[in-house]
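Q: This is the structure I want to talk about, given as structure tokens.
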Amino acid sequence: MHIRKELVVAALASTWMLWPAVADAQFGVERNLGYTFHLFSDVDGVDVYSHHASAGVDMSRNVSLLLRWTHDTVVIPALDAPPGSQDAVDAITTASRPISNAGDPYEDFVKVRDEVQGTLSFKGARASYYVSTESDWFAQMVTVAYNHGFMQDNLTLSGGVSYGWDDITPVVDIRTSNVPDYQTTRHANFVATQVLTPITVLRAGVEYNQIEGLQHDPYRNVYVDGGNVSESHPRDRDRYDVFVRLSQYLYNRSSIKVDYRYYGDDWGISSHTIGGKLHQYVTDNVVVRYRYRYYSQVPAFFWRDEYEFAGGVDGLQTGDYRLGDYGAHLFGGQVMWLPQGLADISVLERANLVFSYEHYFNSNNFSANVFETGLQVSF
Amino acid sequence: VLLVGALGCSVKPYQREHLADSIMMAEAEAEMREQKWLEAREGSTGGAGGAGGGCACR
């Protein structure tokens with residue numbers, strides 16, 4: 001499997017590098033490259049280091065190819081209590097980890113994920129294939145989407161469907177069973193974008209996800225009726241959301257974007273999310289962005305602070321705080337450098353360099369810092 | 001949005017200078033990255049118009 005993946009990556013990368021030499025003679029080829037480093041560090045000591053790279057190329061006037069690659073390294077800290085004890089219960093962080101032997105819990109656990117996505121676009125149509133590999137999770141997804149402009153492109157309608165299939169092979173864990181399982185995802189979305197005025201755009205959409213298969217953490221235990229049992233979630237989940245966003249340009253060279261999302265699913269969770277972003281040019285080449293986001297949800301029907309009776313709720317029990325009742329805040333700032341016009345160098349004309357810092361915290365005393373820096377160039 | 005469009009809002013291409021400014025553009029790539037880590041910390045999903053699979057954050 002790994003050889004096949006490397007061959008696919010090599011073939012796609014070769015196409016990206018070599019195709020322009022063929023096509024340059026016929027029309028002006030545009031290529032773009034991007035790299036972003038992302039660091040997520042939470043209060044429980046879980047660190048996620050992510051490297052994102054992208055490369056795009058116009059293969060003809062109507063055909064373009066985009067490749068994305070992501071490499072995540074997740075570091076989950078050592079336990080400071082014997083595995084299985086009350087003190088070692090993973091109640092807050094969602095980053096549960098396997099423990100293969102009695103010595104493991106006292107060492108940091110490191111997990112690596114690689115993701116590659118290739119997207120081929122033809123006019124308004126788009127097809128993509130996505131593959132993600134981890135030590136215990138192999139995910140694939142295909143997507144087809146189409147968008148079309150109406151009324152001189154004042155209204156753009158887009159829709160897409162995806163099908164994902166994941167193979168899950170939990171690694172050895174002394175606390176839980178490691179039975180191979182699967183997960184499938186069916187996704188559909190429909191989005192409308194309307195230009196309202198020369199400075200106002202409205203975007204609204206609806207999404208639906210149907211998930212089947214393993215949906216709990218295979219390494220997480222839950223205390224039920226005084227005992228230690230494996231987490232158990234329903235195997236089916238229907239999820240939907242609707243969202244709307246208004247983007248408004250302001251004449252002091254700033255813009256404001258406000259958005260709202262409602263989410264619901266058949267596990268009983270519903271949530272409201274509101275957010276706003278303010279962009280402002282501070283010089284011709286520097287833009288700052290401030291943002292705030294508030295999130296609130298009600299719990300799944302089987303979520304409890306404490307399970308007092310054997311069998312949980314209809315045989316379901318969870319230690320995942322994401323299924324509980326809580327609110328969360330996210331705020332932060334970003335500085336973007338746009339070097340256009342600083343020098344007569346074409347590669348800088350549509351380049352940008354970004355630094356951002358955001359802080360996330362919720363009513364479960366969970367908090368995290370998120371840093372991101374990235375460079376994008378087109379040539 | 002469809003209703004608003006049906007009412008006939010019409011902005012000519014030459015009037016869209018501000019809409020093409022980078023501060024008005026959608027931040028699709030950044031939103032996809034953000035959705036990935038938020039999904040690993042919240043019980044909801046969506047809002048970016050797409051889907052993904054697998055997550056090392058779990």
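Every read-out reported here was derived from the displayed coordinates using simple, explicitly stated rules and does not represent laboratory data. Keep in mind the model is a prediction, meaning the values are calculated, not measured. Counting neighbours? That spans all protein chains shown, and the Cβs are built from the backbone with ideal geometry, glycine included.
Q: Can you list the residues, at least 5 places off or on another chain, whose amide H is less than 5 Å from the amide H of A:Tyr326, using H built in the peptide plane?
A: Residues meeting the criterion, in which the H sits 1.01 Å from N, are A:Gln297.
Q: Counting only DSSP beta bridges with both residues in chain A, what percent are antiparallel, rounded to the nearest 5?
A: Looking only at bridges with both residues in chain A, the antiparallel portion is about 100 percent.
Q: Specify the angular offset, from 0 to 90 degrees and rounded to the nearest 10, of the alpha carbon long axis of helix A:2-23 from the longest principal axis of the alpha carbons in chain A.
A: For A:2-23 against chain A, the angle is about 10 degrees.
Q: Please give the average number of partner chain Cβ atoms lying within 10 Å of the Cβ of each residue in A:271-283, rounded to a whole number.
A: Across the residues of A:271-283, the mean count of other-chain Cβ atoms within 10 Å is 2.
Q: Still on this structure, please answer the following. Please list, ordered by chain and number, the residues whose modelled amide H lies under 5 Å from the amide H of A:Tyr182; skip anything fewer than 5 residues away on the same chain.
A: Amide H neighbours of A:Tyr182, under 5 Å, 5+ apart: A:Ile168, A:Leu214.
Q: Please give the FRET efficiency for A:Gln376 paired with A:Tyr223, using the beta carbon to beta carbon distance and R0 = 51 Å, rounded to the nearest 0.05.
A: Efficiency computed from Cβ-Cβ geometry: 0.60.
Q: Okay, moving on. Could you derive backbone 3J(HN,Hα) for segment A:259-264 from the dihedral phi with the Karplus parameters 6.51, -1.76 and 1.60 (θ = phi - 60°), listing whole Hz in sequence and x where the residue is Gly or Pro?
A: 9, 9, 9, 10, 10, x
Q: Residues with beta-carbon under 12 Å from that of A:Leu202, excluding A:Leu202: net charge, scoring Lys, Arg +1 and Asp, Glu -1?
A: Net of charged neighbours comes to +2.
Q: Shielding by partners for A:58-70, please: the mean number of other protein chain Cβ atoms within 10 Å of each residue's Cβ.
A: Counting Cβ atoms of other protein chains within 10 Å of each residue's Cβ and averaging gives 0.
Q: Return the lysines within reach of A:Lys277: Cα separation strictly under 23 angstrom, same-chain partners fewer than 8 residues apart disregarded; answer none if there are no such residues.
A: A:Lys257, B:Lys36
Q: Let me ask something additional. Can you put A:Thr70, A:Thr193, A:Thr184 in order, fewest other beta carbons within 10 Å first?
A: Ascending number of Cβ neighbours within 10 Å: A:Thr184, A:Thr70, A:Thr193.
Q: Which of A:Arg289, A:Arg235 has the fewest other C-beta atoms within 10 Å, and how do the rest follow up to the most?
A: Fewest-to-most ranking of A:Arg289, A:Arg235: A:Arg235, A:Arg289.
Q: For peptide A:199-205, what's the mean number of Cβ atoms from other chains within 10 Å of each residue's Cβ?
A: Mean partner shielding for this stretch: 5.
Q: Next up: Once phi is turned into ³J(HN,Hα) by the Karplus curve 6.51 cos²θ - 1.76 cosθ + 1.60 with θ = phi - 60°, what whole-Hz value does each residue of segment A:120-130 show in order, with x for glycine and proline?
A: Coupling constants for segment A:120-130: 10, 10, 9, 6, x, 9, 8, 10, 9, 10, 10 Hz.
Q: A further question on this structure: Debye sum, Cα scatterers, segment A:230-371, no solvent: what log₁₀ I/I(0) at q = 0.18 1/Å?
A: -1.08
Q: Sticking with this one: Cut-off is 10 Å between beta-carbons; in what order do A:Trp303, A:Trp267 appear when sorted fewest neighbours first?
A: With the sparsest Cβ surroundings first, the list reads A:Trp267, A:Trp303.
Q: Give me the percent relative contact order of chain A, please, defined on Cα pairs under 8 angstrom at least 6 residues apart.
A: This gives 12 percent for chain A.
Q: What FRET efficiency comes out for the pair A:Leu342/A:Lys123, r = Cβ-Cβ distance, R0 = 35 Å, nearest 0.05?
A: Given R0 = 35 Å and the Cβ-Cβ separation, E is 0.50.
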